[in-house]
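In what follows, a single structure is set out as structure tokens and then discussed.
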Amino acid sequence: MNLLKQREFLLALMVVILIGLVGLRAPVFLAPSSLANLVTDSTLLVMLALTQMLVIVTRGIDLSVASNLALSGMVAAMLASHNPGLPLTIVVAVAILVGLGLGLVNGWLIGYLQLPPIVITLGTMSVYRGMVFVLSGGAWVSAHQMPHDFIAFPLTRLLGLPHLVWLAAAMLALMAFLARHTRFGRDLYAVGNAPQCAGYIGIPIARRLLWVYGLSGAVAGLCGYLWVARYAVAYTEVAYGFEFTVIAACVIGGVSIGGGIGSVPGAMLGALFLSVIGNALPVLQVSPFWQSALTGLVILIAVLINARGKTSRGRQILPLHTNDMKSAA
Amino acid sequence: MSVTQLSSPTPHGGAAPQSTGAPAPVLQLTGISKRFNGIVALNGMNLNIRAGEVMALIGENGAGKSTLVKTLTGIYQPDGGAITLDGKPVSFGSPQEAMAAGITAVHQETVMFDELSVAENIYVGRQPVTGTARRIDWKRIEAEAEALFARLEVDLPVRARVKDLSVAQRHFVEIARALSQEARVVIMDEPTAALSQREIRELYRIIAQLKAAGTAVIFISHKFDEIYQVADRYTVLRDGNFVAEGNLADISESELVALMVGRAVHQAYPKEVAAIGGPLLEVENLCHPTEFDGVGFTLRKGEILGFYGLVGAGRSEVMQALFGMTADVRGTVRLDGKAIRVTTPEEAIAHGIAYVPEDRQHHGAHLTMPIMHNITLPILSRIGFFLLGGKRAAETAIARHFSEQLELKANHLTQHVAELSGGNQQKVVLGKWLATEPKVIILDEPTKGIDIGSKAAVHRFISQLVTRGLSVILVSSELPEVLGMADRVVVMHHGRVQRVFERADATPERVVAAASGIELVENNLEVQ
């Protein structure tokens, strides 16, 4: 009974029902290889949604993730193509560090200068995207320029599962620990819940914000490498507009834009939900243009569900009980 | 009108702080003063609290109680004076420092995280961690929270989310937090405001426990029955000054009221004599499910009707209901003898009712808009739909007319309201509502937070309003303002009209007593 009230459980149920419905129309969708593809396709969105969730929990937003991803991905691709002998770990580490650096810029401006997150990340979103063009001169880095191991890593299988899936699973475990079992994670919730009170209680708000945007950036950097390697191409418009898919995943997953509310399973399921829609529509031979309309519809429904029961009543001024009135009079 | 002469802070009616045999105070404040932009909020305030005693802090609205609490808890830093804790001088640069020193407050606006669990709320910001991963020790947090509630003999599920708790349960969470920090001094600012009788009894029991454990409690309440039941001693403050301290056993309610309201200076109010006509606005049995009940009064033509009450007595709520801003309101409202039904502010304005809200920053002025547009905002539809050419000139003329009338100090009419001083902002808001040509103007705390010069200008202006045939409802928490300006005073208490006084009968003692919900023993004061 309690389980049914949990929105995460309901969302998981919806994902399963959705997969089942699509399977009724197109049984090929339920083939193990197709489902495995679905999971692999969803990994980048899941990872980005997890860190975006932590950012939104602080009453913030990171619109720059997709641009950050494109820039880090381009750096990684150019580094690898110009230095074919460089170990892959170095390339990945550079991508993560570039992403971290870009995220920390956001975090510093938002945390220490107390500037509004939506404006700052809207600005850096354009700046980072522009930097991809400046860096690459508008040129593509394509598959034949990239070293083999660079391209192969994301889909290489370890114990039967692609590296992408392992990475996403590790990220899920890490974020679940971070969000529930560390001071850092709990402070994010406290900050988003009541920023004023968080200050009174002695939470270092600026430092927490710096690092949550840094984390979002670092994961965007990692995903930048993975994206570029997976699709074996790097160009200026990589993941263009993907930040909105990430934020949509969070909203569908029950993360409140007002801050303070959001869970790791929720963000993951929101991302899965969008991936199912994205993978099912081609199978059902629905125009891809329907995809954005459907995504939008799902977001509206999710927001409507979240908004229930939030109308405020008046203040309680009258005494609550009659015997109170006697003592008050 | 009785005025207690008290020009210097003299201990009154009570024992001196260090009387023989009394233990040294845990917390001692001497000569604390605090100013905001030249306005004195606290002036030479003294306070002495001993371990295991409950000190009642008594004063009118705006006497400086909240400022004092905020100074004690490190939210404000005093401009002068000394705070000593256990005989050692201390100063709190931040709320954390005060908390670390053992001073915690159970605020009216509670420091609570709605989405976090009860246990987490107690330990938030200082959760115990274990191991190299610095993992939060949830088992310990929940066990310790349970132990705290067991000690308080309160039954509260530690995993419940705070947003599902009642006001009383939230207080218990805060008290548990104070206990977990081994607080020396716990400040309770109107803790019973929204509690039921049973919850209040439970709170009393917990206060007794805190006392027994040697914790000092500062208890702020407007309810005298509570004060006498809970507190051992009292400190009275008035206008930011220390007035008196002593044992509650040695003083009666009416003596306390006299200490609260006694005034050293008679402020001059520019009240002009206006001819008061017949009834204009008649309100009968106005009810709301939670905010007020059975409210009735009559506003006559050319009258200033004062509304006095403690903060949160429901005055603003009644006014907002009259202005059509509240749902679920029942009752009869008659304007000029005709029954009217107002469900939106638009209708209220059309009937000639204007409401100037209390919080002008949030409800009154559009700070980032020019003065001109602020003034003409409610009457734009009367000027015209497209504000071009002659219409534009008409708009400017209207704005100029009202800003001149109000002696508005601004460079030009296109200046943003945010750039003006508080007093001038208030004038813009007044101008805006006058432009609607109202019959009734409701002013909610019109002089709150503005400097003395602007206050006088606003008072002068209110007087002029009635001489021009308007009727004014003046909601104010400043007793002298209400007594100085109003023709009659409606006193509200707990969402009900407690009493209505004619100007001649409205003595500070009676008005404050009515606002506190107590009946004064008035054998020699009774005027009939």
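Regarding the range A:220-232, can at least one residue be identified that is hydrophobic (A, V, I, L, M, F, W, C), in a loop (DSSP other than H, G, I, E, B) and within 14 Å of chain B (Cβ to nearest Cβ)? Please lay out each step first, then the result.
Kept after step one, since they are hydrophobic (A, V, I, L, M, F, W, C), are these residues of the range A:220-232: A:220, A:222-223, A:226-229, A:232.
When the remaining residues are screened for being in a loop (DSSP other than H, G, I, E, B), the result is A:232.
In the following step, the residues that additionally are within 14 Å of chain B (Cβ to nearest Cβ) were identified as none.
Taking every residue of the range A:220-232 in turn, none turns out to be hydrophobic (A, V, I, L, M, F, W, C), in a loop (DSSP other than H, G, I, E, B) and within 14 Å of chain B (Cβ to nearest Cβ).
Would you confirm whether or not the range B:305-314 contains a residue that is touching a Gly at 6+ places or on another chain (Cβ under 9 Å), farther than 27 Å from B:Leu27 by Cβ and within 13 Å of another protein chain (Cβ to nearest Cβ)? Yes, the range B:305-314 contains at least one residue that is touching a Gly at 6+ places or on another chain (Cβ under 9 Å), farther than 27 Å from B:Leu27 by Cβ and within 13 Å of another protein chain (Cβ to nearest Cβ).
Considering only the range A:238-249, I want to know if a residue exists there that is buried (at least 19 other Cβ atoms within 10 Å of the Cβ), free of Cβ contacts under 8 Å to residues at least 60 places away in the same chain and under 28 Å from A:Ser72 (Cα atoms).
Here is the first cut: in the range A:238-249, the residues buried (at least 19 other Cβ atoms within 10 Å of the Cβ) are A:238-239, A:242-243, A:245-249.
Add one more test, that the residue is free of Cβ contacts under 8 Å to residues at least 60 places away in the same chain, and what stays is A:248.
Those left that are additionally under 28 Å from A:Ser72 (Cα atoms): A:248.
Yes, the range A:238-249 contains a residue that is buried (at least 19 other Cβ atoms within 10 Å of the Cβ), free of Cβ contacts under 8 Å to residues at least 60 places away in the same chain and under 28 Å from A:Ser72 (Cα atoms).
The single condition among (1) touching an Asp or Glu at 6+ places or on another chain (Cβ under 8 Å); (2) buried (at least 22 other Cβ atoms within 10 Å of the Cβ) that B:Arg503 does not satisfy is (2). Anything in the range B:44-55 that is crowded, with 20+ Cβ neighbours inside 10 Å and among the polar types (S, T, N, Q)? List them, or say none. Listed by number, the list holds a single entry, B:Asn48.
Looking only at residues in the range B:319-332 that are outside any loop (DSSP other than H, G, I, E, B) and at the interface with chain A (Cβ under 10 Å from one of its Cβ atoms), which one is surrounded by the fewest Cβ atoms within 10 Å (Cβ to Cβ)? Checked the range B:319-332; the qualifying residue surrounded by the fewest Cβ atoms within 10 Å (Cβ to Cβ) is B:Gln320.
Go through the range B:271-304 and count every residue that is assigned to a strand (DSSP E or B) and more than 13 Å from chain A (Cβ to nearest Cβ). It would help to see each step written out before you state the result.
If we filter the range B:271-304 for residues that are assigned to a strand (DSSP E or B), which is where we start, we get B:279-287, B:295-300, B:304.
From what's left, more than 13 Å from chain A (Cβ to nearest Cβ): B:279-285, B:296-300, B:304.
Going through the range B:271-304 one residue at a time, the tally reaches 13.
So, A:Asn279, is that one at pLDDT 80 or above, in a helix (DSSP H, G or I), over 17 Å from the mean Cα position of the chain (by Cα) and crowded, with 17+ Cβ neighbours inside 10 Å or not? Taking the combined requirement at face value, the residue satisfies it.
With respect to A:Tyr213, determine if the residue is more than 8 Å from chain B (Cβ to nearest Cβ) and either touching a residue at least 12 places away in the same chain (Cβ under 8 Å) or crowded, with 24+ Cβ neighbours inside 10 Å (or both). Answer is yes for this residue. The residues in the range A:145-187 that are of a type in the set (S, T, N, Q) and surrounded by fewer than 17 Cβ atoms within 10 Å (Cβ to Cβ) can be counted, and the count is 1. Scanning the range B:184-214 for residues that are closer than 26 Å to B:Ala63 by Cβ and either assigned by TED's automatic domain parsing to the domain that holds B:Gly74 or modelled with pLDDT under 85 (or both) yields B:Asp189, B:Glu190, B:Pro191, B:Thr192, B:Ala193, B:Ala194, B:Leu195, B:Ile200.
Sort out which residues of the range A:114-144 are among the polar types (S, T, N, Q) and under 13 Å from A:Gly103 (Cα atoms), and write them in order of number. Scanning the range A:114-144 gives A:Thr121, A:Thr124.
Scanning the range A:252-268 for residues that are crowded, with 24+ Cβ neighbours inside 10 Å and either modelled with pLDDT under 90 or not in a helix (DSSP H, G or I) (or both), we see that the one that is nearest to the other protein chains (Cβ to nearest Cβ) is A:Gly262. Once the range B:69-108 is narrowed to residues that are out of contact with any strand residue (DSSP E or B) (no Cβ under 9 Å at 6 or more places or on another chain) and more than 9 Å from chain A (Cβ to nearest Cβ), the residue that is modelled with the lowest pLDDT is B:Gly93. Among the residues of the range A:228-237, which ones are of a type outside the set (A, V, I, L, M) and in contact (Cβ under 8 Å) with a residue 24 or more places away in the chain? Correct list: A:Arg230, A:Tyr235, A:Thr236, A:Glu237. Looking across A:Ile120, A:Ile90, one residue alone is surrounded by fewer than 15 Cβ atoms within 10 Å (Cβ to Cβ) and either closer than 30 Å to B:Arg135 by Cα or not basic (Lys, Arg) (or both). It is A:Ile90.
Kindly indicate the residue of the range B:117-155 that is surrounded by 18 or more Cβ atoms within 10 Å (Cβ to Cβ) and in contact with a strand residue (DSSP E or B) (Cβ under 7 Å, 6 or more places away or on another chain) and also farthest from the other protein chains (Cβ to nearest Cβ) among those meeting that condition. Filtering first and then ranking leaves B:Ser117.
Counting only strands (runs of 3 or more DSSP E) that fall entirely inside the range B:67-126 and contain at least 1 residues that are touching a residue at least 24 places away in the same chain (Cβ under 8 Å), the qualifying elements are B:80-85, B:103-106.
Condition check ((1) at positive phi; (2) touching a Ser or Thr at 6+ places or on another chain (Cβ under 7 Å); (3) assigned to a loop (DSSP other than H, G, I, E, B); (4) in contact (Cβ under 8 Å) with a residue 60 or more places away in the chain) across all residues:
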{"residue": "A:Thr89", "(1), (2), (3), (4)": "no, no, no, no"}
{"residue": "A:Ile120", "(1), (2), (3), (4)": "no, no, no, no"}
{"residue": "A:Met131", "(1), (2), (3), (4)": "no, no, no, yes"}
{"residue": "A:Trp166", "(1), (2), (3), (4)": "no, no, no, no"}
{"residue": "A:Ala169", "(1), (2), (3), (4)": "no, no, no, no"}
{"residue": "A:Leu172", "(1), (2), (3), (4)": "no, no, no, yes"}
{"residue": "A:Phe184", "(1), (2), (3), (4)": "no, no, no, no"}
{"residue": "A:Leu188", "(1), (2), (3), (4)": "no, yes, no, yes"}
{"residue": "A:Gly199", "(1), (2), (3), (4)": "no, no, no, no"}
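The criterion of at least 1 residues that are over 22 Å from B:Gly312 (Cα atoms) and of a type in the set (A, V, I, L, M, F, W, C) is met by the following strands (runs of 3 or more DSSP E) wholly inside the range B:435-497: B:440-444. The sole residue among A:Ile56, A:Ile61 that is part of a loop (DSSP other than H, G, I, E, B), out of contact with any Lys or Arg (no Cβ under 9 Å at 6 or more places or on another chain) and closer than 30 Å to A:Phe184 by Cα is A:Ile61.
The values are calculated or read from the model by the stated rules, or taken from the named source; none is laboratory data. Keep in mind that what you see is a predicted model, and the values were worked out from it rather than measured. All Cβ positions, glycine included, derive from the backbone under ideal geometry; neighbour counts span all protein chains shown.
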